[in-house]
1. Once ligands and nucleic acids are excluded and a 1.4 Å probe is used, how much of residue 35 is accessible, expressed in Å² to the nearest 10?
2. Place a +1 charge on the Cβ of each Lys and Arg in the stretch 289-369 and a -1 charge on the Cβ of each Asp and Glu, then give the dipole magnitude about the Cα centre in debye, rounded to the nearest 20.
3. Give me the number: length gained by fully extending residue 9 to residue 355, i.e. 0.36 nm times residue separation minus the C-alpha to C-alpha distance, one decimal in nm.
4. Which of the three applies to the stretch 246-372, rounded, prolate or oblate, going by the alpha-carbon gyration tensor with a ≥ b ≥ c and a/c under 1.5 meaning rounded?
5. Once you sort the root eigenvalues of the Cα gyration tensor of the stretch 40-174 as a ≥ b ≥ c, which label holds: rounded (a/c under 1.5), prolate (a/b larger than b/c) or oblate (the other case)?
6. Which of 51, 313, 195 sits closest to the plus end of the dipole of the chain, meaning its Cα is farthest towards the positive end, when Lys and Arg get +1 and Asp and Glu get -1 on the C-beta?
7. Ordering 36, 207 from largest to smallest accessible area (1.4 angstrom probe), what's the sequence?
8. Taking the Cα centre of the chain as the origin, how large is its charge dipole in debye, to the nearest 20, when only Lys and Arg (+1) and Asp and Glu (-1) carry charge on their Cβ atoms?
Amino acid sequence: MANNATVSQELASKFATEKETPYLRWVRDEGLDIISAHYVPNLRTVALKPWARRGGAGVFINHEASRTSNDCYVCEVPPGGKLAPQRQLYEEMILILEGRGSTSVWNDAGKRITFEWKAGAMFAIPLNCWHQHFNGSGQEAARYVGVTNAPAVMNMYDDANFVFNSSFDFKNRFAGEPDYFTPKSEKNGFLLVTNFVPDAVNLPLISAKERGAGGGHIRFNMAKGSMNSHISQFPIGTYKKGHAHGPGAHVIILSGQGYSLMWPEGDEPRRYDWEVGTLIVPPNMWFHQHFNGGTTPARYLAFKHEVVSIRNAQGVPKAWISRRVGGDQIDYADEKPEIRTMFAQELAKHGLTAKMDTAYQAELVELPAKVA
């Protein structure tokens, strides 16, 4: 049985100063809270505090498993309002949770692009570009979630003035291209080559049989950054294969209803129910598995840093490779029987039955031999 490797307070006290970081000090100086959780029931309703520097309201959500690699925050733009202009030496990817509005992006050379967005849009802020968000409604607040690699940058430089006030245009990232934030359709394998998705909820996906159960998948590498992301969807009556990877994947539910199981190896799975707006952050190398328990297809967006992806020599994430050949994905044939029992019980609540037999049979055709 796995545990949390808890040690004596005497030993813990000897490492106490190493838990305090420049990043944590900076968040406190911003006057905001950190929700230190790997599960938030709904980002659309999580409580926010006034954020003086940004001119809106916000909260940081940063589980200890990802705190040194990347973080997450929710920010709200007041009705008829705008946030203060900002530039930063860390990368950021954004999903609009509620509302409509626009964003302007510009550099010191005077190149400026403005684009409009609504709930479901996603985009990236090019490194160290000035940017400003505007609420397009005079009655309703606009809310978004951003995932950044600020922890690594703040911890490296320990100087907020340098991070937010450095004058340098990364012209290889952004040079004012007129179509920079125009939606694109070009694909390279699973990768959609674009810097803006107007509707992540309904974006067409690519078949990804390797993840099981007839699911769809698409990946992004926006603004030429090290932050990346993907969208996955799976049909009614199905679930994904369990897998594990490095820390910092922020999984945001875009559509559907269901639950996820998460557990460290050797422990029993723990259940987390989700709906549109739920956030799940699997801790480092915890196995996790997503189940569509509702009456519509289920879709999620995962914002993450490259440290999440532990890859083989061919560049394939080990989370896509069977544990039978050295990967970190659990084949359906090797999962615990109670997983299928729980899923059947959940579907029964909606008068549904599992549609997994085809996926189980398809896997057996290519299933590697089990290593003793």
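1. 50
2. Numbers: 10 positive and 10 negative charges, 47 e Å.
Value, rounded to 20: 220 debye.
3. Values: separation 346, 0.36 × 346 = 124.56 nm, distance 4.97 nm.
Extending this stretch completely gives an extra 119.6 nm.
4. Values: a/c = 1.77, a/b = 1.15, b/c = 1.53.
Oblate, because a/c is 1.5 or more while a/b does not exceed b/c.
5. Values: a/c = 1.77, a/b = 1.12, b/c = 1.58.
Oblate.
6. Going by the charge dipole, the pick is 195.
7. Details: 36 65, 207 90 Å².
Heavy-atom accessible area, descending, gives 207, 36.
8. Details: 39 positive and 38 negative charges, 108 e Å.
In debye, rounded to 20, the chain gives about 520.
The values are calculated or read from the model by the stated rules, or taken from the named source; none is laboratory data. Bear in mind that the values here come from a model prediction, so they are computed numbers and not experimental data. Note: ideal-geometry Cβ built from the backbone for every residue, glycine included; neighbour counts use all protein chains shown. In case anyone asks, the SASA skips ligands and DNA or RNA and just uses the protein heavy atoms, side chains included. Shrake-Rupley method; radii C 1.70, N 1.55, O 1.52, S 1.80 Å.
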